[in-house]
Number of protein chains: 2
Amino acid sequence: MPTSRADAVTADERSPLRGRRDLFDLPDGVVYLDGNSLGALPRSVPDRVRRVVAQEWGVGLISSWNSAGWVDLARRVGDRIAPLVGAAPGDVHVGDSTSVTLFKTLVAACRLRPDRRVLVVEPTTFPTDAYVASGVARLLGLELRWCDPADPAAVLDEDVAVLSLTHVDFRTGAMYDLAGLTAAAHGVGALVQWDLCHSTGAVPVDLTAADADAAVGCTYKYLNGGPGSPAFAWVHPRHHGAWDQPVTGWFGHAHPFEMDREFTPADGITRMASGTPPVLALSALDSALDAFDGVGMPALREASLSLSDLFLALVDERLGSAVEVVTPREHARRGSQVSLRHPDAYGVVQALVARGVVGDFRTPDVARFGFAPLYVTHTDVHDAVDHLAAVLGGEEHRRPEYAVRNAVT
Amino acid sequence: MPTSRADAVTADERSPLRGRRDLFDLPDGVVYLDGNSLGALPRSVPDRVRRVVAQEWGVGLISSWNSAGWVDLARRVGDRIAPLVGAAPGDVHVGDSTSVTLFKTLVAACRLRPDRRVLVVEPTTFPTDAYVASGVARLLGLELRWCDPADPAAVLDEDVAVLSLTHVDFRTGAMYDLAGLTAAAHGVGALVQWDLCHSTGAVPVDLTAADADAAVGCTYKYLNGGPGSPAFAWVHPRHHGAWDQPVTGWFGHAHPFEMDREFTPADGITRMASGTPPVLALSALDSALDAFDGVGMPALREASLSLSDLFLALVDERLGSAVEVVTPREHARRGSQVSLRHPDAYGVVQALVARGVVGDFRTPDVARFGFAPLYVTHTDVHDAVDHLAAVLGGEEHRRPEYAVRNAVT
């Protein structure tokens with residue numbers, strides 16, 4: 001594959017996403033390859049947030065629940081996420097943190113299989129998924145069973161209520177076969193909950209075609225919703241009627257403003273709601289999703305793979321065996337990031353940050369580079385590997401101050 | 001008590017909170033008596049939010065988790081709420097919605113009394129409290145027992161694990177004896193969870209002096225955190241070690257960034273955390289709390305009672321028996337609102353809104369007027385009752401368009 005800087009410039013000029021980067025406000029001189037941790041700021045967001053604060057809150061005050069549409073903002077935002085994950089409009093809820101949303105969907109999914117006593121989790125998943133699953137297992141009196149990351153279906157049997165899997169691994173960028181593993185679970189009568197945190201907005205997901213049961217995803221990575229923006233949840237419509245999530249708050253009630261004493265769950269995905277929706281965060285997210293308007297998932301995937309292919313080719317060409325590529329090379333098994341193993345990975349990441357190339361470190365020895373296709377360019381990728389080669393060719397990554405680690409996903 | 005408009009002007013000039021209203025951005029011509037539903041916009045907030053979005057997110061990007069202190073923002077905000085509720089610094093967590101926070105604390109509180117099978121709830125409480133409690137009871141296999149609102153202690157016995165009470169009633173504004181009811185529950189070995197949604201920031205609360213067990217409160221009413229801002233939770237330090245909340249997410253882990261497979265709860269109140277903190281909302285709330293700097297709770301309470309006393313005196317003087325006052329007149333039993341019963345309460349509230357006086361309606365027949373002492377003035381109160389008398393003296397509240405109801409707390 002052509003790997004010169006001129007080739008990268010040409011690839012950017014020919015990209016189906018050419019011009020989308022202008023929708024983001026990235027600092028000059030920064031190559032941002034950490035959008036799979038915190039997405040960049042879409043240019044539309046500051047003005048929208050300013051308006052929500054100054055006008056809707058400051059002037060509209062309480063009346064904005066109706067006049068500014070706060071009361072169904074969560075549903076409208078869900079409707080914009082739906083096409084990115086193969087969901088129908090009206091079937092995606094947005095509101096709580098990813099951990100809380102995982103908890104609610106996992107309890108509800110396990111309740112759909114009351115005669116089964118096993119919850120299966122993949123041990124290299126993002127930690128909060130395993131922590132939440134262990135909390136749910138303890139709460140419901142289930143056995144927590146770890147599967148083999150290389151073959152999650154191997155431990156499935158008729159005792160399994162739910163298989164909880166992350167579609168794209170946060171550390172390695174490896175992607176599971178969503179439809180195939182869903183079918184395997186259904187084959188033994190189990191349900192599957194998918195965590196789409198590292199998929200949504202960068203990798204094709206078709207929950208309906210895969211006949212999945214439930215899914216959760218965060219919105220501050222490839223969806224660019226801002227730090228700590230709320231997570232989304234999807235539940236297959238066949239489960240809506242029996243879906244019984246445990247945090248039965250007033251916004252999940254069929255008639256929240258009637259102030260009934262008894263809880264009657266709302267129809268459909270609205271029963272996933274609990275408390276008052278986080279209006280500021282939902283508004284920022286709503287505005288951020290504008291950057292996806294008019295972009296099809298095939299174009300996003302094509303751009304993402306073109307970027308990671310170029311990164312891999314340049315790493316092979318320039319670094320050889322100095323690093324180990326831990327992300328699968330097959331397209332079908334690759335998310336939208338490339339992870340490199342190096343004994344001084346933390347120092348490597350810090351030295352790159354000092355040069356304006358922002359990736360991130362994942363304990364114990366992984367340097368992770370995410371390719372958010374809306375704003376990362378082939379030129380960014382070329383320059384990033386230039387800097388990486390320079391760091392590894394010198395001693396920059398071995399500075400004493402890199403002995404103390406700090407990292408947030 | 002002196003009730004002329006000139007008296008109101010004089011009372012404002014002599015108020016210990018004189019000048020505080022200038023810290024808020026209230027629209028001209030609006031008398032805002034709904035700050036107990038959604039607090040007004042503090043003038044400091046727009047600039048803080050703008051900076052967080054444009055600089056911390058847009059420029060600092062992922063590094064802001066450390067450089068802008070996002071990682072411990074929830075703790076810092078909790079430390080600012082602590083003195084308003086009689087809590088020690090380091091003992092208040094902020095992060096999830098009120099409903100989710102109620103759920104987490106209620107499950108954890110019930111787990112501290114594993115040999116007891118009854119959860120007591122007050123039936124006229126804000127609905128989400130009852131909904132959440134019923135969900136928790138079902139989840140844990142407990143009996144839900146309703147108490148008499150006039151005497152919640154009467155149903156307490158040695159089967160009761162937890163008594164869940166709201167300090168100030170959302171509809172009537174009646175206030176319970178926090179210390180007395182806590183002592184009554186402790187007398188039978190039960191714990192108490194207090195909902196402080198309608199207390200915090202307007203009514204003196206001393207959780208430590210009351211020897212309370214756990215408390216939850218929202219931050220978008222008297223604390224002015226903005227629409228859907230996150231709730232806080234407090235747990236008495238004697239319970240910290242055994243406190244076992246069910247949503248075990250990574251921010252509640254002792255070492256979140258070590259990415260351990262097993263969950264080890266953090267020490268202290270931090271174990272109440274679950275997911276990634278909502279940075280935008282926490283930043284707005286942090287800024288909003290500036291309006292409380294240098295104000296003691298005695299001054300807030302004095303101003304609040306002076307406002308509600310004036311409102312009651314004017315209602316008696318001007319409206320007589322046209323409305324029924326449902327809020328207790330004794331100071332010790334009154335929160336920071338006055339509620340009036342009227343068969344056309346919805347129309348009354350709408351007619352007042354049309355005149356620029358914003359209160360709110362609570363089904364089926366209550367018009368509710370909140371007195372946020374930081375920005376409501378005696379003159380506001382005087383003008384509000386003028387308008388109320390004019391509405392009730394005519395037919396404004398009986399317009400056909402007021403037949404359809406919309407209301408959000």
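Quick one: would you say A:Val107 is within 14 Å of chain B (Cβ to nearest Cβ), closer than 29 Å to A:Pro83 by Cα and of a type in the set (Val, Ile, Thr)?
It is true that A:Val107 is within 14 Å of chain B (Cβ to nearest Cβ), closer than 29 Å to A:Pro83 by Cα and of a type in the set (Val, Ile, Thr).
Identify the residue in region A:375-390 that is more than 26 Å from the chain's Cα centre (by Cα) and of a type in the set (Gly, Ala, Ser) and, among all such residues, is surrounded by the fewest Cβ atoms within 10 Å (Cβ to Cβ).
Ranking the candidates gives A:Ala390 first.
Going by what's in this entry, would A:Thr124 be described as in a loop (DSSP other than H, G, I, E, B) and either facing chain B (nearest Cβ under 9 Å) or buried (at least 24 other Cβ atoms within 10 Å of the Cβ) (or both)?
When the stated conditions are applied, A:Thr124 passes them.
Residues being in a loop (DSSP other than H, G, I, E, B) and either surrounded by fewer than 24 Cβ atoms within 10 Å (Cβ to Cβ) or within 13 Å of the chain's Cα centre (by Cα) (or both): count how many of those fall in region B:199-218.
Qualifying residue count, region B:199-218: 13.
Please go through region B:219-251 and pick out each residue that is more than 8 Å from every other protein chain (Cβ to nearest Cβ) and within 13 Å of the chain's Cα centre (by Cα).
The answer is B:Thr219, B:Lys221, B:Tyr222, B:Leu223, B:Asn224, B:Gly225, B:Phe232, B:Ala233.
Can you report the number of residues in region A:41-65 which are within 7 Å of another protein chain (Cβ to nearest Cβ), under 30 Å from A:Thr379 (Cα atoms) and buried (at least 23 other Cβ atoms within 10 Å of the Cβ)?
Here the count works out to 2.
State which residue pairs qualify: first residue free of Cβ contacts under 8 Å to residues at least 12 places away in the same chain and inside region A:107-136, second residue part of a loop (DSSP other than H, G, I, E, B) and surrounded by fewer than 18 Cβ atoms within 10 Å (Cβ to Cβ) in any location, beta carbons under 6 Å apart, and separation of 6 or more residues or different chains.
The qualifying pairs are A:Ala130/B:Arg261.
I want to confirm something. Restricting to region B:1-32 and keeping residues that are in contact with a helix residue (DSSP H, G or I) (Cβ under 6 Å, 6 or more places away or on another chain) and within 14 Å of chain A (Cβ to nearest Cβ), which single residue is surrounded by the fewest Cβ atoms within 10 Å (Cβ to Cβ)?
Among them, the one singled out is B:Leu23.
Which ones in region A:263-294 are small (Gly, Ala, Ser) and within 30 Å of B:Arg50 (Cα to Cα)?
A:Ala273, A:Ser274, A:Gly275, A:Ala281, A:Ser283, A:Ala284, A:Ser287, A:Ala288, A:Ala291, A:Gly294
B:Asp360: in the same structural domain as B:Leu23 (by TED's automatic domain parsing), over 18 Å from the mean Cα position of the chain (by Cα) and of a type in the set (Asp, Glu), yes or no?
So B:Asp360 fails the test.
Select, from B:Ser274, B:Ser287, B:Ser283, the only residue that is over 22 Å from B:Leu38 (Cα atoms), within 14 Å of chain A (Cβ to nearest Cβ) and in contact with a helix residue (DSSP H, G or I) (Cβ under 9 Å, 6 or more places away or on another chain).
Going through B:Ser274, B:Ser287, B:Ser283 in turn, the sole match is B:Ser274.
Among residues belonging to region B:169-198 that are over 19 Å from B:Val366 (Cβ atoms) and of a type in the set (S, T, N, Q), point out the one that is farthest from the chain's Cα centre (by Cα).
Going through the qualifying residues, I end up with B:Thr182.
Does A:Arg113 qualify as being in contact with a strand residue (DSSP E or B) (Cβ under 7 Å, 6 or more places away or on another chain), in a loop (DSSP other than H, G, I, E, B) and farther than 30 Å from A:Ala284 by Cα?
Against the criterion (in contact with a strand residue (DSSP E or B) (Cβ under 7 Å, 6 or more places away or on another chain), in a loop (DSSP other than H, G, I, E, B) and farther than 30 Å from A:Ala284 by Cα), A:Arg113 qualifies.
Being farther than 21 Å from B:Trp65 by Cβ and not acidic (Asp, Glu) narrows it down to one residue among B:Ala266, B:Ala284, B:Ala254, B:Ala288; which is it?
None of the others qualify; the one that does is B:Ala288.
Out of all the residues in region A:8-37, which are in contact (Cβ under 8 Å) with a residue 24 or more places away in the chain, in a helix (DSSP H, G or I) and not β-branched (Val, Ile, Thr)?
Once the filter is applied, which keeps residues that are in contact (Cβ under 8 Å) with a residue 24 or more places away in the chain, in a helix (DSSP H, G or I) and not β-branched (Val, Ile, Thr), region A:8-37 yields A:Ala8, A:Ala11, A:Asp12, A:Arg20, A:Arg21, A:Leu23.
Test B:Asp365 against the criterion of being modelled with pLDDT under 95, in contact with a strand residue (DSSP E or B) (Cβ under 6 Å, 6 or more places away or on another chain), assigned by TED's automatic domain parsing to the domain that holds B:Leu23 and surrounded by fewer than 23 Cβ atoms within 10 Å (Cβ to Cβ), and give yes or no.
Considered against the rule, which asks whether it is modelled with pLDDT under 95, in contact with a strand residue (DSSP E or B) (Cβ under 6 Å, 6 or more places away or on another chain), assigned by TED's automatic domain parsing to the domain that holds B:Leu23 and surrounded by fewer than 23 Cβ atoms within 10 Å (Cβ to Cβ), B:Asp365 comes out as yes.
For region A:252-265, what are the residues that are within 7 Å of chain B (Cβ to nearest Cβ) and part of a loop (DSSP other than H, G, I, E, B)?
A:Met259, A:Asp260, A:Arg261, A:Phe263
If we scan region B:314-322, do we find a residue that is without any contact (Cβ under 8 Å) to a residue 60 or more places away in the chain and either within 20 Å of the chain's Cα centre (by Cα) or closer than 30 Å to B:Gly69 by Cα (or both)?
Scanning region B:314-322 turns up no residue that is without any contact (Cβ under 8 Å) to a residue 60 or more places away in the chain and either within 20 Å of the chain's Cα centre (by Cα) or closer than 30 Å to B:Gly69 by Cα (or both).
Kindly establish whether B:Ile81 is without any contact (Cβ under 8 Å) to a residue 60 or more places away in the chain and buried (at least 19 other Cβ atoms within 10 Å of the Cβ).
no
Out of A:Val391, A:Val325, which single residue is closer than 29 Å to A:Val205 by Cα and either touching a Gly at 6+ places or on another chain (Cβ under 6 Å) or modelled with pLDDT of 95 or more (or both)?
A:Val325
Considering A:Arg171, A:Arg138, which residue is charged (D, E, K, R), at the interface with chain B (Cβ under 9 Å from one of its Cβ atoms) and in contact with a Phe, Trp or Tyr (Cβ under 9 Å, 6 or more places away or on another chain)?
A:Arg171
Quick one: which of A:Arg329, A:Arg271 is surrounded by fewer than 22 Cβ atoms within 10 Å (Cβ to Cβ), touching a residue at least 12 places away in the same chain (Cβ under 8 Å) and under 23 Å from the mean Cα position of the chain (by Cα)?
Step by step, each of A:Arg329, A:Arg271 is checked, and only A:Arg329 is surrounded by fewer than 22 Cβ atoms within 10 Å (Cβ to Cβ), touching a residue at least 12 places away in the same chain (Cβ under 8 Å) and under 23 Å from the mean Cα position of the chain (by Cα).
Listed here are the residues, each with its yes/no results for (1) more than 19 Å from B:Gly252 (Cβ to Cβ); (2) at pLDDT 95 or above; (3) surrounded by 24 or more Cβ atoms within 10 Å (Cβ to Cβ).
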| site | (1), (2), (3) |
| --- | --- |
| A:Thr98 | no, yes, yes |
| A:Arg111 | yes, yes, no |
| A:Asp115 | yes, yes, no |
| A:Tyr131 | no, yes, yes |
| A:Val168 | yes, yes, yes |
| A:Tyr176 | yes, yes, no |
| A:Leu196 | yes, yes, yes |
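Each row is one residue, and each column tells you yes or no for (1) of a type in the set (Ser, Thr, Tyr); (2) in a loop (DSSP other than H, G, I, E, B); (3) within 18 Å of A:Gly201 (Cα to Cα); (4) in the same structural domain as A:Thr219 (by TED's automatic domain parsing).
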position	(1), (2), (3), (4)
A:Val77	no, no, yes, yes
A:Gly86	no, yes, yes, yes
A:Ala108	no, no, no, yes
A:Val132	no, no, no, yes
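Being of a type outside the set (Ser, Thr, Tyr), in contact with a Gly (Cβ under 8 Å, 6 or more places away or on another chain) and surrounded by fewer than 20 Cβ atoms within 10 Å (Cβ to Cβ) narrows it down to one of A:Pro278, A:Pro265, A:Pro230, A:Pro246, so name that one.
Testing whether each residue is of a type outside the set (Ser, Thr, Tyr), in contact with a Gly (Cβ under 8 Å, 6 or more places away or on another chain) and surrounded by fewer than 20 Cβ atoms within 10 Å (Cβ to Cβ) leaves just A:Pro265.
The values are calculated or read from the model by the stated rules, or taken from the named source; none is laboratory data. Keep in mind the model is a prediction, meaning the values are calculated, not measured. Positions of Cβ are backbone-derived with ideal geometry, glycine not excepted, and every protein chain shown enters the neighbour counts.
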